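What follows is a set of notes on a single structure, which appears directly below.
Read-outs throughout are calculated quantities, based only on the coordinates presented, and are distinct from any laboratory measurement. This structure is a prediction, so every number in the text was calculated from the model and none was measured. We place every Cβ from the backbone using ideal geometry, glycine too, and count neighbours over all the protein chains shown.
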Amino acid sequence: MQAVILVGGLGTRLRPLTINSPKPMLSLLNRPFIEYIVTLLKEHDIDDIILSTGYLPDTFNRLVDDFARLGAKLTCVTEEIPLGTCGAVKNIEHLIDDTFVVFNGDILTNLNLSFLIDYHRHKQALATLALTSVDDPTSYGLVPLNSNGHIKEFLEKPNWDEVTTDLINAGTYILEPEVLQYAPAGENFSFERGLFPIMLEKGLPLYGFPSGAYWLDIGSPEKYLRAHYDILDGKMQAIVEGEEIKPRIWVGAGLEVADSANLFAPILIGKNCKISDNVSITGPTSIGDNCTIGEGVRIDGSVIMEDCHLGGSSVIRNSVLGRGIKIGRKVHIEENAVLGDNMKVGDDNWLKKGIRIWPETEVLPGTIRF
Ligand code: GTP
């Protein structure tokens, strides 16, 4: 069976992490995020995968071999201009020959795709949307169903008195190729505001499939951190690469850890890392390959990507550090800070909660104080 994964978006809410990398290529526990989607597709015998790229398309090329290793065939098609979610699929219509799956490239889920496909066939649907429940329905587009699973309407960010369901579109669809006849070619067109409302208006068989499976879109820094936490905590089942040296502490080859360092699970530490004396790392925390963590550093609930160097006595709490970052001594990085690739922070800085700093920049020593 074929699947189209939509990976062409700019990922603006995840900037500065997405300045150098499209959202689906950001690492999640030291593997490209998109690998989790491909692994799920493969588990359900879907192995003919088309990536609809647009933003930084060349970054996806290296996946061809990785996907082959996972047993999947990969075809990349790049848009000249962003065509929106449905426009992107219309653009590759000539490559589709039967019922197919569409997956937003930023969804972490263990959705049972085989059930979804069976349901779609059983209902003789032209389109079936996976739906997931949320706690705050007023922040989303809701998808109420009638008793036979047919979609009644699409309610965009309703007030509480209009809320009749907590089900939202989970960004995963089973489609028949003929629905694409309702999408204009070469124009920006979305599933959510374009194709699905048109199908509803025409009375075409458009179904929703409520699922209680784990579901998260990694679109914001908070959710990107949450994805790491949920896998490390075991709330979302996924393989964590590395040797499990203690319960829920995984490490890569070549790790050097000082005897006086304290590691509190769950933690993943990548290959060739060096953890110095009196370091304290509290999970859920993920550290990429080739990182050095200086003496007395405290890291709590954070994601540190590959090739980072942290100077002594620094503190990092609930934050995300991009690749190749150099942090000086006695630097405090407060909650929800997001630092772009290859930036430098000099000694004695206190980066406040929620700060975002762009790649390749430098904060000179002692510039930002508490
Ligand atoms: P934000 O800018 O933060 O909203 O992120 P985004 O650009 O990824 O947009 P959004 O989260 O709405 O997109 C959902 C999925 O569709 C993501 O995997 C995007 O990569 C993808 N996507 C969004 N727009 C397009 C598009 O115009 N073309 C293609 N090929 N994919 C798209």
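What separates the Cα centres of segment 211-278 and segment 330-358 is a distance of 21 Å. This model, with +1 at the C-beta of Lys and Arg and -1 at the C-beta of Asp and Glu, gives segment 2-221 a dipole about its Cα centre of some 280 debye. Beta bridges assigned by DSSP with both partners in the chain are antiparallel in approximately 25 percent of cases. Each of the peptides 58-71, 178-191 was scored by the mean count of other Cβ atoms within 10 Å over its residues; in descending order, highest first, they stand as 178-191, 58-71.
Less than 5 angstrom separates the built amide H of I316 from those of R298, I299, D300, I333, all sequence-distant by 5 or more or on a different chain.
Dividing the summed -39500 (n - 2.57) terms of all DSSP H runs of n ≥ 4 by the residue count of the chain sets its mean residue ellipticity at 222 nm at -4000 deg cm²/dmol. Backbone phi angles across segment 141-155, fed through the Karplus curve with coefficients 6.51, -1.76 and 1.60 (θ = phi - 60°), yield HN-Hα couplings of x, 8, 10, x, 10, 8, 5, 9, x, 6, 6, 7, 6, 10, 10 Hz in residue order; Gly and Pro are listed as x.
Counting other Cβ atoms within 10 Å as a rough exposure proxy, the listed residues T138, T53 run T138, T53 from fewest neighbours to most.
Of all DSSP-defined beta bridges confined to segment 240-363, some 5% are antiparallel rather than parallel. The packing ranking of peptides 284-295, 192-203, highest mean first, is 284-295, 192-203, where packing means the average number of other beta carbon atoms within 10 angstrom of each residue.
For the chain, the equivalent ellipsoid derived from the alpha-carbon gyration tensor has semi-axes of 40, 21, 20 Å in decreasing order.
If you take all other residues with their beta carbon under 9 Å from the beta carbon of S27, and give Lys and Arg +1 and Asp and Glu -1, the sum is +1. Cα centroid separation, segment 1-37 to segment 130-203: 23 Å. Counting Cα-Cα pairs of segment 185-297 in 10 Å increments starting at 0 gives whole-percent bin shares of 12, 31, 22, 13, 12, 9, 2.
Each pair of Cα atoms in segment 240-363 enters the Kirkwood radius, and Stokes-Einstein at 4 °C and 1.567 mPa s then converts it into a translational diffusion coefficient of 94 µm²/s. Here the Karplus curve 6.51 cos²θ - 1.76 cosθ + 1.60, taken at θ = phi - 60°, turns the phi angles of segment 159-172 into couplings of 6, 4, 6, 9, 6, 10, 7, 10, 8, 10, 5, 8, x, 9 Hz, with x standing for Gly and Pro.
Computed over segment 2-221, relative contact order equals 25 percent, with contacts defined as Cα pairs under 8 Å that lie 6+ residues apart. The phi-based Karplus calculation (6.51 cos²θ - 1.76 cosθ + 1.60; θ = phi - 60°) puts the 3J(HN,Hα) values of segment 267-280 at 9, 10, 10, x, 6, 6, 9, 10, 10, 7, 4, 6, 6, 10 Hz, whole numbers, x for Gly and Pro.
Annotation: aspartates and glutamates with alpha-carbon distance below 15 angstrom to K274 (same-chain offsets under eight excluded): E256, D259, D289, E295, E306, D307. Take 339-349, 77-87, 299-309 and order them by the average number of nearby Cβ atoms within 10 Å per residue, most first; the result is 299-309, 339-349, 77-87.
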